[in-house]
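See below for the structure under consideration.
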Amino acid sequence: MTSVKELSKRKDIFCAGHRACSGCAPAITMRQVTLAADTNLVAGLSTGCMEVVSSIYPYTAWRSSFIHNAFENVAATISGVEAAYRVLKRKGKLSANYKFIAFGGDGGTYDIGLQSLSGAMERGHQMLYLCYDNQGYMNTGIQRSSSTPFGAATSTTPAGVKIPGKQQFQKDLTEIMVAHNLAYVAQASIGYYRDLNKKVEKALAAPGPSFINVLSCCHRGWRIDPADSLKYSKLGVDTCLWPLYEVEDGVYKLSMKPREKLPLEEWLKGQGRFNHLFKPENADMLKKFQEYVDKKWERLLWKCGEGKEKTKEAGK
């Protein structure tokens, strides 16, 4: 993995001057990912927060080849560019080497762009798809997405008399990508940026399509102080709501196991979108949410060869 000292010497591909909010974790994600790439890069970006803040004509925050796409088609566009690149290389019309990254938020990845993403991954294009997951349609008014956590209050799942926030658990997109038999799949968080750097390097070096899902909190949608963006991006990992792991050729590996698994309440409290969960009448929702996280964590440990059941079986 490239050292911090070496990364600090590289010129930013995603540079200063964009219009992101103070404390915007997706903007930090973009910078860290492109720093780790360190190559001739073609970046595609679906419509969303990061597109709006970084490419308002005639200005741009990108020092690479850059394509703005509609919400639904960034994976298709970058797969087409990658296919054209291979043809040009094969015909000897292009000598430089390039890497390809498609970026999308959870709205443009989990929901609107899922068909495009699935098709690009199934076809086997040499590209990385990176989702900056801020758990909602933050750019268009903080509506719920299929990545929005259980119980969260959004503009389309308000916590009120009828419902106490979103009633469904998050879609597990990372596991959906694992089911595509990709060369490399990983979950990361900007709260642990060195882990993210390493995973980007591995994804771009993988012999085939790769996918990384990055927890990148939005302080506007999560209703936290802008200074706490990294704090909550880390707490998502430390409470095991968003575990860090990678899957290479179908083999699971845990990237980090918290020394002390914190209760989910440590991540929930302080986020305005979950304030209602701490009312006495919603105690059952807190319990249900914690049980869900615990169950998924135990299942992941088992897949990584660290679960209790698997350990017992190995000893037989």
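The values are calculated or read from the model by the stated rules, or taken from the named source; none is laboratory data. Here the structure is a predicted model, which is why all the values come from computation and not from measurement. Note that we place each Cβ from the backbone using ideal geometry, even for glycine, and neighbour counts take in every protein chain shown.
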Checklist entry - Of (1) of a type outside the set (A, V, I, L, M, F, W, C); (2) out of contact with any helix residue (DSSP H, G or I) (no Cβ under 9 Å at 6 or more places or on another chain); (3) more than 20 Å from GLY105 (Cα to Cα), GLY165 satisfies all except one. Which? => result (2)
Next on the checklist: Of everything in region 31-60, what is in contact (Cβ under 8 Å) with a residue 40 or more places away in the chain and over 28 Å from SER95 (Cβ atoms)? Give them in sequence order.
Outcome noted: GLN32, SER46, THR47, GLY48, CYS49, MET50, VAL52, SER54, TYR59
Checklist outcome for this item: Of the residues in region 29-46, those that are touching a helix residue (DSSP H, G or I) at 6+ places or on another chain (Cβ under 7 Å), polar (S, T, N, Q) and under 13 Å from LYS199 (Cα atoms) come to THR29, GLN32
Next on the checklist: Tell me whether region 243-264 contains one or more residues that are within 25 Å of ILE163 (Cα to Cα) and either under 18 Å from the mean Cα position of the chain (by Cα) or in contact (Cβ under 8 Å) with a residue 40 or more places away in the chain (or both).
Outcome noted: no
Item to check | region 211-237, subset of a type in the set (D, E, K, R) and in a helix (DSSP H, G or I), residue nearest to GLY141 (Cα to Cα) | outcome: ARG220
Item to check | Residue in region 253-265 that is touching a Gly at 6+ places or on another chain (Cβ under 8 Å) and either surrounded by fewer than 18 Cβ atoms within 10 Å (Cβ to Cβ) or modelled with pLDDT under 95 (or both) present | outcome: no
Checklist entry - Out of (1) under 26 Å from ALA227 (Cβ atoms); (2) in contact with a Cys (Cβ under 7 Å, 6 or more places away or on another chain), what's the single condition that is false for TRP297? => result (1)
Checklist entry - in a helix (DSSP H, G or I), more than 19 Å from MET50 (Cβ to Cβ) and in contact with a strand residue (DSSP E or B) (Cβ under 6 Å, 6 or more places away or on another chain) - does that describe any residue in region 154-174? => result yes
Item to check | Subset of region 177-197 (residues that are free of Cβ contacts under 8 Å to residues at least 60 places away in the same chain and either surrounded by fewer than 22 Cβ atoms within 10 Å (Cβ to Cβ) or of a type in the set (Lys, Arg) (or both)) | outcome: ALA179
Item to check | Residue check, ASP225 buried (at least 22 other Cβ atoms within 10 Å of the Cβ), at negative phi, acidic (Asp, Glu) and at pLDDT 95 or above | outcome: no
Item to check | Lone qualifier among SER118, SER65 - being touching a residue at least 24 places away in the same chain (Cβ under 8 Å) and surrounded by 14 or more Cβ atoms within 10 Å (Cβ to Cβ) | outcome: SER118
Item to check | Candidates LEU196, LEU130, LEU182, filtered to the one that is assigned to a strand (DSSP E or B) and over 30 Å from ASN282 (Cα atoms) | outcome: LEU130
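This table checks each residue for (1) of a type outside the set (A, V, I, L, M, F, W, C); (2) within 30 Å of LYS279 (Cβ to Cβ); (3) modelled with pLDDT of 95 or more.
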| site | (1), (2), (3) |
| --- | --- |
| SER118 | yes, no, yes |
| LEU130 | no, no, yes |
| TYR137 | yes, yes, yes |
| GLY151 | yes, yes, yes |
| THR154 | yes, yes, yes |
| LYS166 | yes, yes, yes |
| ASP172 | yes, yes, yes |
| TYR184 | yes, no, yes |
| ALA188 | no, no, yes |
Checklist entry - What is the number of the single condition among (1) surrounded by fewer than 22 Cβ atoms within 10 Å (Cβ to Cβ); (2) within 24 Å of TYR292 (Cβ to Cβ) that PHE211 does not meet? => result (1)
Checklist entry - Within the bounds of region 149-168, is there any residue that is surrounded by 22 or more Cβ atoms within 10 Å (Cβ to Cβ) and within 18 Å of the chain's Cα centre (by Cα)? => result yes
Item to check | Selection count where residues are surrounded by fewer than 24 Cβ atoms within 10 Å (Cβ to Cβ), assigned to a loop (DSSP other than H, G, I, E, B) and of a type outside the set (A, V, I, L, M), scope region 37-62 | outcome: 8
